[in-house]
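K.L.:
Take a look at the following structure, please.
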Amino acid sequence: DHAALGHALLAAHAQTGQPRYLARAVCLADALLARFRDPRTGALLDVPPDSLTSRVFWAEQPLEDPAGPAPAAAAVQFLLALRQRTGEDRYGQRAVEALRAGARAAADDPPAAAGYYLALATLLHGSSAASPAGR
């Protein structure tokens, strides 16, 4: 949900030019990273690392694309788009960490991780055309 809202805020900023939308996208990205990023691996998890679920089970970086881009892939796309829009490389660095953390899982089933590979292509080619907001 954070990533989808982030893409919407970036689209609103692109359409209107109003800085409040970009400022909200930055706040949202910071909240996403503070809440869902595993500080040890850089993975973007499906639950906060300190939640009860994480302590009882293991938290996952969801990379499978069920009915749309996987949550982690959408978050990476959002972070890359935000880096491009703001010039703040910290978002790009966090995106790279998340991609690195998910590389093995994505390699296990490439067709199921298409969103991961689109995010990787965005990183490598510097284009936001593959992002959900760019469609």
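The values are calculated or read from the model by the stated rules, or taken from the named source; none is laboratory data. These figures come from a predicted structure and were not determined experimentally. Counting neighbours? That spans all protein chains shown, and the Cβs are built from the backbone with ideal geometry, glycine included.
K.L.:
Across region 104-135, what is the total count of residues that are in a loop (DSSP other than H, G, I, E, B) and modelled with pLDDT of 80 or more? It would help to see each step written out before you state the result.
P.N.:
Initial filter on region 104-135 (in a loop (DSSP other than H, G, I, E, B)): 109, 126-131, 135.
Now narrow it down to the ones that are modelled with pLDDT of 80 or more: none.
Of the residues in region 104-135, 0 are in a loop (DSSP other than H, G, I, E, B) and modelled with pLDDT of 80 or more.
K.L.:
Would you be able to tell me the number of residues in region 36-57 that are at pLDDT 55 or above and in a loop (DSSP other than H, G, I, E, B)?
P.N.:
Filtering region 36-57 down to residues at pLDDT 55 or above leaves 36-50.
If we keep only those that are in a loop (DSSP other than H, G, I, E, B) too, we end up with 38-43, 45-50.
Adding up the residues that qualify gives 12.
K.L.:
Between a first residue in region 67-92 that is among the hydrophobic types (A, V, I, L, M, F, W, C) and a second residue that is at pLDDT 95 or above and not in a helix (DSSP H, G or I), which pairs have beta carbons less than 9 Å apart while being 6 or more apart in sequence or on different chains?
P.N.:
Sorted first by the residue in region 67-92, then by its partner, the pairs are Leu82/Glu88.
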